[in-house]
Amino acid sequence: MGRIFIFLYGAASYILFLATFLYAIGFIGNFAVPKSMDSPAVDSWQTALLVDLGLLSLFALQHSIMARPAFKRILTQVVPAPAERSTYVLASSLALLLLFWQWRPIGGTVWDVQNELGRMLLYGGFAFGWLLVLTATFVINHFDLFGLRQVWRHLQGQPQAGLSFATPFLYRIVRHPLYVGWFFAFWCTPVMTVTHLFFALVTTAYILVAIRFEEHDLMAALPEYAEYRRQVPMIVPGMPRRAAVPPAARAAGV
């Protein structure tokens, strides 16, 4: 692949990610999209449950398997190394778009908050979650996380170089602020349907499992991460067990 083609490939993958990210906000929030999480049910709840579980499982497998170092080594034998991250981003976006397209609402209501203050707080938590997700990517390196930095350096003829292992401010509060943002986005809703509850439970369980694999890879690649892990809580903000935060620790997303 030529440098220009690889750059265009990376840019197209990033643009598709942005479109998918924006659609996900409307899909989960049930607004501004033609089909959302709580659209009218069209199948039996048993069929819907199986289809949705299959779609979530497909995304989880893609998202985790492609993030493992062993898979990356295999993938870079097929695609150029600078395009590896863009390929991951592209595959993740396609898996999510398939989920949005084929999602089957289950129906039913778990809670419906009528109090105006309560609704405002829950909508605020939903917005805060998405803002935290986006902010958490920028305080590390948004463009590296989504593959643009790699294809840009390749276009410029510069060698690929890993980022330094650092702890921006959010990562000194918890090790995974990006996942905290997802939890707010998934759980903060004034109307919790059975469909939404199922989605939130499955995605939360996946995130908690994925963190274990991610941190195993980080400790193998970055000696500093083990000490950082001992000092900073994983998800829930609180006092670190030790006062100092290591000068180098980067929480890389999957």
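If R0 equals 41 Å, the separation of the Cβ atoms of Val191 and Ile65 corresponds to a calculated FRET efficiency of about 0.75. When shorter helices are ignored and each DSSP H run of at least 4 residues is given -39500 (n - 2.57), the per-residue value for the chain at 222 nm works out to -20500 deg cm²/dmol. Rg/Rh, computed from the Cα trace of the chain with Rh as the Kirkwood radius, has the value 0.98. For the pair Gln158 and Ile74, the difference between a 0.36 nm per residue extended length and the Cα-Cα distance amounts to 27.9 nm.
Could you work out how far the C-alpha centroid of the stretch 1-23 sits from that of the stretch 63-140, in angstrom? Cα centroid of the stretch 1-23 versus Cα centroid of the stretch 63-140: 16 Å apart.
Find the Rg to Rh ratio for the stretch 13-95, where Rh is the Kirkwood radius over alpha-carbon pairs and Rg uses the same atoms.
Rounded to two decimals, Rg over Rh is 1.07.
Between amide H atoms placed 1.01 Å from N, distances below 5 Å from Gly108 occur with Val194, all of them 5 or more places distant or on a separate chain.
A short reminder: the numbers here are calculations on the coordinates, not readings from a lab. None of the values given here were measured: they were computed from a predicted structure. Counting neighbours? That spans all protein chains shown, and the Cβs are built from the backbone with ideal geometry, glycine included.
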